[in-house]
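The values are calculated or read from the model by the stated rules, or taken from the named source; none is laboratory data. Since this is a predicted model, take the numbers as computed values, not measurements. Note that each Cβ is placed from the backbone with ideal geometry, even for glycine, and that neighbours are counted across all protein chains shown. Please note that ligands, DNA and RNA were not included when accessible areas were found on the heavy atoms of the full protein model with its side chains. Shrake-Rupley method; radii C 1.70, N 1.55, O 1.52, S 1.80 Å.
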Amino acid sequence: MLPLLAAGAAEASVTVANGFEGGSQLINCALGECFRPPDTMGAVGTTQFLETSNGSIRIYDKNTGAVQSSVNMEAFWAAAGQPGGAGGDQRVLFDHYTNRWIVSGFGPTGNIVNIAVSNSADALGPWQSTRITGVAGTTLDYPTLSLDNKGVYIGTNNFNSSDVFTGTSVFVIPKTSLFGGAPSLTDMTTFTTPLAGPNNGAAIQAALNWQGNPTNTTAVMADSKISDAQVFYRLTGVNGPAATQSASAIITGSQYTYYGDGGRQPDGSQVVDLLSPRISANVAQLNGKLYSAITVENPNDLGHSGVRWSVVDALTGSLIKQGFIGGGGYDYYEGSIAVNEFGEAVIGYNRSGFQTDDTNGDGLADGNISFLARAFLVDGTGGLDQYGSDMLLRVSGISDYHCSTRANPAACQERWGDYSAVTFDPTNHHDFFAIGEYASQWAIVPNVTTTERAIWNTYIAKIAFAQSAAVPEPVTYLLVLLGLVLATVSTRRGHPTTGVSP
């Protein structure tokens with residue numbers, strides 16, 4: 001008899017299949033860009049992995065890590081048809097629906113966001129592009145990027161000429177406008193919301209949805225800059241010229257305690273700036289539920305930061321479940337999440353602490369800033385159950401990442417992030433690719449410093465679920481029903497079943 005399987009029950013394992021080095025500050029400096037932080041971002045396609053950072057666009061063979069292209073961001077945007085350069089904050093996704101890439105980032109002036117779309121699945125190009133111009137007199141910051149099969153969604157934080165945060169904008173672009181030929185903003189709808197109340201959020205993240213959008217409605221989550229909570233609203237009519245936006249509301253139970261101290265390091269410093277509890281990576285939608293991760297104070301380890309994951313109903317905005325990655329006296333931060341239709345999920349994140357021990361024997365302090373990932377299975381309620389142990393992907397080579405030079409360390413905080421990313425392979429959804437930041441070394445940065453400075457690097461890792469690791473919920477329910485039927489038949493024949501869960 002077939003055993004009854006709980007939703008998402010595991011039968012096999014999840015492993016780090018392979019990993020390779022990404023870009024670095026030194027690589028970007030050699031390309032004429034020396035920005036900090038890197039704003040680590042990337043996505044996996046059919047054969048390639050595309051990484052964006054503040055300074056460069058890099059393309060790798062996803063299986064070997066071989067570098068296929070490495071250009072500065074101005075050169076990339078110029079080749080795509082947007083002369084004048086770009087200022088960073090770039091995002092990238094591979095569109096599973098059309099097998100094409102989409103990249104966004106700052107334009108040449110503060111009120112412009114560039115958008116580039118590839119002509120094919122080959123990230124080497126060619127690319128075509130367009131640009132969004134924001135409200136006059138407004139500087140657009142922290143642009144986010146998301147999509148489904150009906151629309152592309154770009155959110156921005158808006159600042160006035162005095163660099164004061166004034167609210168947000170979300171640009172809703174029908175998919176046919178950007179992917180139907182030469183990219184255009186035909187039928188785009190713009191919603192600009194002033195910062196006038198606790199329900200108006202920042203760092204807007206529309207849902208990234210690979211299951212289609214039959215209702216032409218997209219859920220949005222953001223961080224309330226006033227209420228220390230998360231907000232929710234919906235966009236409707238996203239595939240046409242007259243999209244509408246619902247009122248926003250605080251997600252009950254999403255309140256948090258802001259962690260304002262810096263991340264700890266083995267040298268005793270707390271100079272790693274973990275930023276605000278914004279949702280820095282995509283909000284993933286699966287089966288009508290939204291999955292996200294933020295950095296806040298961990299209530300289970302007070303005085304330390306943790307990565308809090310949340311599951312929210314995509315229709316009502318009600319909180320279903322949440323949990324924390326953290327503890328042990330470490331700080332955890334910069335989380336990103338992806339969830340596939342098999343109920344498999346991966347969260348990538350950083351960890352650091354005062355710990356100077358080397359318990360794993362790699363010759364480095366356990367408290368060095370490390371890039372890790374944790375696997376989960378989606379349970380019957382849509383919540384996440386940890387699956388296996390934390391996976392250590394890359395450890396920083398130095399124990400004291402600082403905002404100043406090595407010879408003159410200062411107490412100021414060095415900004416980390418601003419984001420990381422996890423995406424799953426369009427050719428095998430059981431394979432996840434995570435990209436994150438670590439600190440590699442002390443080095444002299446050409447044309448920037450004459451003494452050594454801590455250098456950021458990125459790392460890319462493939463995390464593979466065995467294909468029998470999780471059972472999709474519809475299959476699970478059929479197996480449960482079959483088990484109940486067989487149990488009933490067997491009992492009626494006078495042969496009670498054994499070893500079967502009710």
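Numerical summary
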{"quantity": "Debye-sum result for the range 14-124 in log10 I(q)/I(0), which assumes one identical scatterer on each alpha carbon, at q = 0.22 Å⁻¹", "calculated": "-1.25"}
{"quantity": "Rounded to whole Hz, the Karplus (6.51, -1.76, 1.60) HN-Hα couplings of the range 247-253, x for glycine and proline", "calculated": "5, 8, 8, 5, 7, 4, x"}
{"quantity": "Anisotropy class of the range 223-281 from Cα gyration tensor, a/c 1.5 cut", "calculated": "prolate"}
{"quantity": "For the range 52-92: rounded, prolate or oblate by the Cα gyration tensor [a/c cutoff 1.5]", "calculated": "prolate"}
{"quantity": "Cα→Cβ-extended label distance, 7 Å offset, between Arg415 and Thr176, nm", "calculated": "4.0"}
{"quantity": "For percent of Cα pairs over 40 Å apart, calculated from these coordinates, the label among [x] 19; [y] 15; [z] 27", "calculated": "[x]"}
{"quantity": "Whole-angstrom Cα spans of the range 178-250 along principal axes, big to small", "calculated": "42, 26, 17"}
{"quantity": "Debye, to nearest 20: dipole size of the range 382-425, +1 on Lys, Arg Cβ, -1 on Asp, Glu Cβ", "calculated": "260"}
{"quantity": "Solvent exposure of the chain as accessible area per residue, Å², 1.4 Å probe", "calculated": "36"}
{"quantity": "Whole-number percent relative contact order across the chain, with pairs defined as alpha carbons under 8 Å at least 6 apart", "calculated": "15"}
{"quantity": "Euclidean distance between Cα centres, the range 380-438 to the range 147-183, Å", "calculated": "26"}
{"quantity": "Cα gyration tensor shape for the range 92-237, rounded if a/c is under 1.5, else prolate or oblate", "calculated": "oblate"}
{"quantity": "The range 64-121, accessible surface, carbon-and-sulfur percent (1.4 angstrom probe)", "calculated": "55"}
{"quantity": "Relative contact order of the range 106-255, pairs being alpha-carbon contacts under 8 Å that are 6 or more residues apart, as %", "calculated": "18"}
{"quantity": "Karplus 3J(HN,Hα) series, Hz, for the range 229-239 with 6.51 cos²θ - 1.76 cosθ + 1.60 (x for Gly, Pro)", "calculated": "7, 9, 10, 9, 7, 10, 10, 10, x, 6, 9"}
{"quantity": "Peptides 122-134, 455-467 ordered by average Cβ neighbours within 10 Å, highest first", "calculated": "455-467, 122-134"}
{"quantity": "Computed [θ] at 222 nm, deg cm²/dmol, the chain (DSSP H ≥ 4; -39,500 (n - 2.57); rounded to nearest 500)", "calculated": "-2500 deg cm²/dmol"}
{"quantity": "The range 140-191, accessible surface, carbon-and-sulfur percent (1.4 angstrom probe)", "calculated": "48"}
{"quantity": "Sequence ranges 58-66, 222-230, ranked by mean other-Cβ count within 10 angstrom, highest first", "calculated": "222-230, 58-66"}
